[in-house]
Amino acid sequence: MDRDFAQPLDVEALAREVHLSAGHLSREFKKAYGESPYGYLMTRRIERAMSLLRRGDLSVTEVCFAVGASSLGTFSAKFSELVGMSPSEYRRTRGDDLSGLPSCETRKVARPVRNREAGPPTRP
């Protein structure tokens with residue numbers, strides 16, 4: 001999922017590969033990663049979208065489809081849930097906040113988290 005985040009998620013196929021039922025795989029995945037396979041994939045997609053939006057050379061719609069989302073509305077809603085602002089707002093405000101940081105630090109600072117887990121944004 002980390003490498004092929006733009007591809008559709010097929011929990012049934014993943015489960016077959018590891019010889020588990022889809023339900024059991026989902027339960028074990030959530031136990032290990034703290035979120036469902038779909039939630040994990042969406043977090044990876046949003047993380048990549050944040051990076052593309054910071055670059056500033058793609059529209060929000062282009063970013064949406066580049067990360068594998070099939071609906072701009074669903075993408076925007078999930079982005080807002082995880083990041084705390086719309087993709088357009090993020091594109092306008094966050095690119096400047098992180099300029100000059102090494103990419104390894106940018107990934108740590110910009111990692112999306114669910115709003116209930118997020119505190120106020122901080123800069124290292």
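The values are calculated or read from the model by the stated rules, or taken from the named source; none is laboratory data. Keep in mind that this is a model prediction, so the values were computed, not measured. A quick note on method: Cβ atoms are made from the backbone with ideal geometry, for glycine too, and the neighbour counts reach across all protein chains shown.
Points to keep in mind about this one:
- Members of region 1-42 that are closer than 13 Å to Phe75 by Cβ and part of a helix (DSSP H, G or I): Leu41, Met42
- Sub-6 Å Cβ pairs linking a first residue in region 33-56 that is touching a residue at least 40 places away in the same chain (Cβ under 8 Å) and within 16 Å of Glu81 (Cα to Cα) to a second residue that is among the charged types (D, E, K, R) and part of a helix (DSSP H, G or I), at least 6 apart or interchain, are Met42/Lys78, ordered by first then second residue.
- Residue in region 53-64 that is surrounded by fewer than 18 Cβ atoms within 10 Å (Cβ to Cβ), modelled with pLDDT of 90 or more, within 21 Å of Pro8 (Cα to Cα) and not acidic (Asp, Glu) present: yes
- Filtering Ala69, Ala15, Ala77 for residues that are surrounded by 13 or more Cβ atoms within 10 Å (Cβ to Cβ), among the hydrophobic types (A, V, I, L, M, F, W, C) and under 15 Å from the mean Cα position of the chain (by Cα) leaves a single hit, Ala69.
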